[in-house]
Amino acid sequence: MAARFSGVLQLTELDDFIAPSQECIKPVKVDKKPGKAAAKIRIEADGSYFQINQDGEAQKLEKAKITLNDCLACSGCITSAESVLVSQQSHGELCKVLALNKTAAAHEQKLVVVSVSPQSRASLAARCKLGLLETAQKLTSFLKGLGVHHVFDTTFSRTFSLLESQQEFVRRFHRQAEDKKALPMLASACPGWICYAEKTHGSFIIPHISTTKSPQQVMGSLVKGYFAEQQHLPPDRIYHVTVMPCYDKKLEASRPDFFNQEYQTRDVDCVITTGEVLKLLEQEGVSLSDVDPAPLDTMNKDFQEVTLERDGQVLLHFALAYGFRNIQNLVQKLKRGKCPYHYVEVMACPSGCLNGGGQIKLEGESSKEELQQVERLYESLRAEIPEENQAVRELCEHWLGGWGSERALQVLHTQYHAVERASSALSIKW
């Protein structure tokens, strides 16, 4: 491959993968005793090793083991040898957790959450000749059939990551005059690139690298943080698995930066590749195209925040709060004087009016699917309605006498009144 370059610039053994290191950072420890000659090594038929001393004494040797934490200071054998089996990062480990859940006591069981990347869905869809949405629904059904409790889409966390990257870029742009390494800002979502940068260029390149977490790790923070609070569980009671297109994502999840010391748990407990999902299907004797679809889960649809910013400064802060749990949280913030929002859309029903008490209801899992169908139809209906702003402006001008007129205030506004609670004999304080 080097021959494709000019004679001025020639690279040898160039490949898309990082070559393994010639010097391991975790060598086998050899104890040398003074005055003793080198010992001999005997290999038994079962593959075990014995050290034979001069006096003929045999001592069994332990096999050298490495973890992904050890690999963080090496040079990328995960990328160059994809068949390497790594402890706690395989579909077999997921199967173990699911099997333990079936026999463990309720308080010892893990809530198993799987977050699937859109790239993995696309790969499975192409392999199984299915649509993207259909693939997502069938994969959700398959995983839940194995014992997984919740299946999320990491497109949600990708949006988080992209928006925060945008804000980071704006901050860097404004400080480039005093910080020469503020720009260019280099994305950090690819762990293979990050490993190369850290090990090869170190302090020269690191100041340029974005500090925003990748979509996988943002999802880890959301699942072990926000979602754990929703479920009233500590983070270590949730077993979080991600389905990713890249082996290096296993390495990323094992970084000590993403380990919660308080609860002794990682944000992402296990990473399995798209190929490993295919192995799971084959292991269960299942064809994805034959699986009945099921709706994906949603994490925090009933509470959303949006900010309007200029030059990195927040001008307006909006929120959406659906359901009484979110309403109570909002009211408590108001009472404590710590409500940061300028406008909040508040609705009593989870999912808003589309899930209103007067709507047609179905039972069980089918109700979730039905609600998602209603939401899709509603969104498509909104997209088909032509702009009516001009008609509204004309009606206001000719009938109400313009915005802010006395008639407009009378017709378009109302008042609300505090209601005193009726006294009861039970509530009288003696």
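The values are calculated or read from the model by the stated rules, or taken from the named source; none is laboratory data. In this text the structure is predicted, and so the values were computed from the model without any measurement. Cβ placement follows ideal geometry from the backbone for every residue including glycine, while neighbour counts extend to all protein chains displayed. Calculation scope for accessible area: heavy atoms of the full protein, side chains included, ligands and nucleic acids excluded. Shrake-Rupley method; radii C 1.70, N 1.55, O 1.52, S 1.80 Å.
Checking the condition within 15 Å of the chain's Cα centre (by Cα), of a type in the set (D, E) and within 25 Å of A126 (Cβ to Cβ), which residue from D267, D248, D292, D297 passes?
Being within 15 Å of the chain's Cα centre (by Cα), of a type in the set (D, E) and within 25 Å of A126 (Cβ to Cβ) holds for just one of D267, D248, D292, D297, which is D297.
Surrounded by fewer than 21 Cβ atoms within 10 Å (Cβ to Cβ) and closer than 28 Å to D311 by Cα - does that describe any residue in the range 214-223?
Yes: the range 214-223 contains one or more residues that are surrounded by fewer than 21 Cβ atoms within 10 Å (Cβ to Cβ) and closer than 28 Å to D311 by Cα.
If R310 satisfies every condition in (1) open to solvent by 90 Å² or more (accessible area, probe 1.4 Å); (2) within 30 Å of V148 (Cα to Cα) but one, which is the exception?
Every condition holds for R310 apart from (2).
Checking Y239 against (1) buried (at least 18 other Cβ atoms within 10 Å of the Cβ); (2) touching a Phe, Trp or Tyr at 6+ places or on another chain (Cβ under 9 Å); (3) under 23 Å from H107 (Cβ atoms): exactly one of these is not met. Which one?
(2)
For the range 335-355, which positions are more than 27 Å from the chain's Cα centre (by Cα) and loosely packed, with under 12 Cβ neighbours inside 10 Å?
Passing the criteria: K335, R336, G337, K338, Y343.
Report every pair of residues separated by at least 6 positions or lying on different chains whose Cβ atoms are under 6 Å apart, first residue within the range 52-69 and closer than 20 Å to K250 by Cβ and of a type in the set (S, T, N, Q), second part of a loop (DSSP other than H, G, I, E, B) and at pLDDT 60 or above.
N69/S254
S157 - would you say it is open to solvent by 30 Å² or more (accessible area, probe 1.4 Å) and assigned to a helix (DSSP H, G or I)?
No, not satisfied.
Please state which one of P234, P184 is modelled with pLDDT of 90 or more, open to solvent by 20 Å² or more (accessible area, probe 1.4 Å), over 16 Å from the mean Cα position of the chain (by Cα) and farther than 27 Å from V277 by Cα.
From the options P234, P184, the qualifying one is P234.
Any idea which residue in the range 84-117 is surrounded by the fewest Cβ atoms within 10 Å (Cβ to Cβ), counting only those that are more than 22 Å from H232 (Cα to Cα), out of contact with any strand residue (DSSP E or B) (no Cβ under 7 Å at 6 or more places or on another chain) and not polar (S, T, N, Q)?
Per the criteria, the residue is L85.
This table checks each residue for (1) in contact with a Lys or Arg (Cβ under 9 Å, 6 or more places away or on another chain); (2) at pLDDT below 95; (3) not charged (D, E, K, R).
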residue	(1), (2), (3)
F227	no, yes, yes
P245	no, yes, yes
K249	no, yes, no
D267	yes, yes, no
G275	no, yes, yes
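Within the bounds of the range 143-151, is there any residue that is assigned to a strand (DSSP E or B) and surrounded by 14 or more Cβ atoms within 10 Å (Cβ to Cβ)?
yes
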